[in-house]
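A single structure is presented below for examination.
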Amino acid sequence: MTVIETLQTYWQAYLYNDGSQMSGLAMTLWLLVLSLAIGFAMALVLATARVSQYKALSIPVRLYSYVFRGTPLYVQLLLIYSGIYGITFVQKTELLGMFFCNGFNCAVLAFALNTCAYTTEIFVGAIRNIPYGEVEAARAFGMSWFTLYRRIILPSALRRALPMYSNEVILMLHATSIAFAATVPDLLKVARDVNAATYQPFTAFGIAAVLYLVVSFVLVYLFRIAERKWLAFQAPAGR
Amino acid sequence: MNWKMAFCAGASALVCVMGAAHAQDTFKMGLEATYPPFESKSGDGKLQGFDVDIGNMICERMKVKCVYVENSFDGLIPALQARKFDAINSAMNITAKRKQAIDFTSPVYIVPIQMVAKRGSSLMPTTASLKGKTVGVLQGSSQEDYLKKHWATAGVKVTSYQDQDQVYADLVAGRIDAAVQESQTAMDGFLSKPAGKDFDYAGAPLSDPETLGEGTGLGMRKGDPQRARVQAAIDSLKKDGSFSKLSMKYFKRDIIAK
């Protein structure tokens, strides 16, 4: 089988459907978008808690981030997929049982918790890097804590965090390739199928690699546009 | 110079033996001895296994001497065509793709693919019984092809797994309602263990030549006149029950193709 024939036979499975369900690139992107959205939203809250002067707020977040950045994502996925569902209590509780029964839910939960831990640290770094004068000026203006974060700290921190965050997004895209451990038919799973059917590993995995590369390229491009727009104040002057 | 003399003597003796064997008519079979219980090597380096016993019985019936030639599995077909041996006897499934390159005898045995479910669940390997249920299967296996083709299209949810142990784990946990795999694997890896005590085979082995294959046969060169003799020996060994007896000894069930 040539590359062309393999593509003609399997392009649908690679891109969006393997005949019975969503698969391939569509599944990979869906996983990525969901886990990034959840991770981002949670990280905003957790980052503010992490920089808080109240230990009751900052210590739990530090612990969470330490655990999730200190263990491999693969292990986290297996713990959530196989480990948690193995607990009798989880299976007996209707809502928990329904949630953890589904491999896709487990994968999204693992990915979201993991990316949230890293994103929190990125935001924390950005928040701490805000020139103190800006905060002082806002305080002098009489802003409340909430307004201070909403108007000054978060907008500025998120802008500064963009380059680091784009890196995390790309890493997350690559991390989704372990989703099949939770039976989610992502892009790499389709590549494995094609390899098993055609005995042509170079073609099968090569197509997957090219697709990952294309997505990475698009992401890098989007972040570059975003940086040009929101980080313009940091661009070298005099142009 | 002693060792040289010894070597020469040994070599000439070997030539003698080979010459004698040739005179007695030999039949060479190629295999890769890394697939127990079908073919493997015992601790003292002797070939053993189901296929080896089958091969010996065929040679005995053909009144020739069996000679086994070891070869890597993916190189068996080229080696057969290069006349390194006369037949492939290495648990090789008969598939349309391989038939383009070589001929096969009729299937000798079929490694059965069977469904496993909770004992007393009354699930059967039919789409009617499994509608809306979830069935687990090993990714990249021929049974996955079967399930995708015949069951997933008829309302059965087919979930593929990275490895077989994960299938059993989720079957016990209740994530899936049934699992489909080789009968022997299910027995050795699950049903005979404590975790599988509440589970059993459900229904008869599946059959579908297109996805599951017709079975395992001896591969021979296209147009080889010896094939008729080998086929006759296989037919007579099937008929008198010798193969079935051997199958009972190895697998406790008859997997010989009818």
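Given points 7 Å out from each Cα along the Cα-Cβ axis, report the A:Arg128 to B:Arg229 separation in nanometres with one decimal.
Distance between label points: 8.4 nm.
How much net charge surrounds B:Ser40 when only the other residues with a Cβ under 14 Å from the Cβ of B:Ser40 are counted, with Lys and Arg +1 and Asp and Glu -1?
Net charge in that neighbourhood comes out at -4.
Treating the angle as unsigned and between 0 and 90°, give the value, to the nearest 10°, between the Cα long axis of helix B:227-239 and the longest Cα principal axis of chain B.
Approximately 50 degrees, to the nearest ten.
What is the distance, in nm, between label points placed 7 Å from the Cα along the Cα-to-Cβ direction at A:Ala26 and at B:Glu60?
5.9 nm
What's the FRET efficiency of A:Ala209 with A:Asn17 using the Cβ-Cβ distance as r and R₀ = 22 Å, to the nearest 0.05?
Efficiency, rounded to the nearest 0.05: 0.60.
Could you tell me the center-to-center distance, by alpha carbons, between the stretch A:117-150 and the stretch B:88-120 in angstrom?
Computed from Cα coordinates, the inter-centre distance equals 67 Å.
Now for a different question. Among A:13-26, B:47-60, how do they line up from the highest to the lowest mean number of other beta-carbon atoms within 10 Å?
Numbers: A:13-26: 17.9, B:47-60: 20.7.
By packing density, highest mean first, the sequence is B:47-60, A:13-26.
Between the stretch B:135-166 and the stretch A:8-25, what is the C-alpha centre distance in whole Å?
16 Å
Ok, one more. When Cβ neighbours within 10 Å are restricted to other protein chains, what is their mean count per residue of peptide B:170-179?
The mean count of partner-chain Cβ atoms within 10 Å per residue comes to 3.
Does the stretch A:3-231 classify as rounded, prolate or oblate by the C-alpha gyration tensor (a ≥ b ≥ c root eigenvalues; a/c under 1.5 gives rounded; else a/b over b/c gives prolate, otherwise oblate)? Could the numbers behind the result be given before it?
Working: a/c = 3.05, a/b = 1.60, b/c = 1.91.
Judged from the Cα gyration tensor, the stretch A:3-231 comes out oblate (a/c at least 1.5, b/c at or above a/b).
Further, regarding this structure: Given charges of +1 on the Cβ of Lys and Arg and -1 on the Cβ of Asp and Glu, with all other atoms neutral, how large is the dipole of chain A about its Cα centre, in debye to the nearest 20?
The dipole of chain A has a size of about 980 debye.
Is any residue of the stretch B:149-169 close enough, with backbone N under 14 Å, to a label point placed 7 angstrom from the Cα of B:Thr127 along the Cα-Cβ axis, and if so, which?
B:149-158
Please build a GNM for chain A, connecting alpha carbons under 10 Å apart, and tell me which residue among A:Tyr212, A:Tyr54, A:Tyr66 fluctuates the most.
Ranking A:Tyr212, A:Tyr54, A:Tyr66 by mean-square fluctuation puts A:Tyr54 first.
Working from Cα positions, state the angle (0 to 90°, nearest 10) between the long axis of helix A:201-230 and the longest principal axis of chain A.
20 degrees
Name the shape class, rounded, prolate or oblate, that the alpha-carbon gyration tensor gives for the stretch A:166-226, where a ≥ b ≥ c are the square roots of its eigenvalues, rounded holds for a/c under 1.5, and otherwise prolate holds if a/b is larger than b/c and oblate otherwise.
Values: a/c = 3.95, a/b = 1.81, b/c = 2.18.
It is oblate, given that a/c is not under 1.5 and a/b is not larger than b/c.
Let me ask another. Springs between alpha-carbon pairs under 10 angstrom, Gaussian network model over chain A: which of A:Ala56, A:Ala175, A:Ala140 fluctuates most?
Maximum among the listed residues: A:Ala140.
Once the Cα atoms of helix B:164-173 and of chain B are each reduced to a long axis, what angle between those two axes, in degrees from 0 to 90 to the nearest 10, is obtained?
Approximately 20 degrees, to the nearest ten.
While we're on this one: Take every DSSP beta bridge whose two residues both sit in the stretch B:113-212, then give the antiparallel share in percent to the nearest 5.
Working: 10 of 18 bridges.
Antiparallel bridges make up about 55 percent of those DSSP assigns within the stretch B:113-212.
R0 = 45 Å: FRET efficiency of B:Asp74 with A:Leu222, Cβ-based, nearest 0.05?
0.50
None of the figures in this text is laboratory data; all of them are computed from the coordinates on show. Bear in mind that the values here come from a model prediction, so they are computed numbers and not experimental data. Every residue, glycine among them, receives a Cβ derived from its backbone with ideal geometry; neighbour counts consider all protein chains shown.
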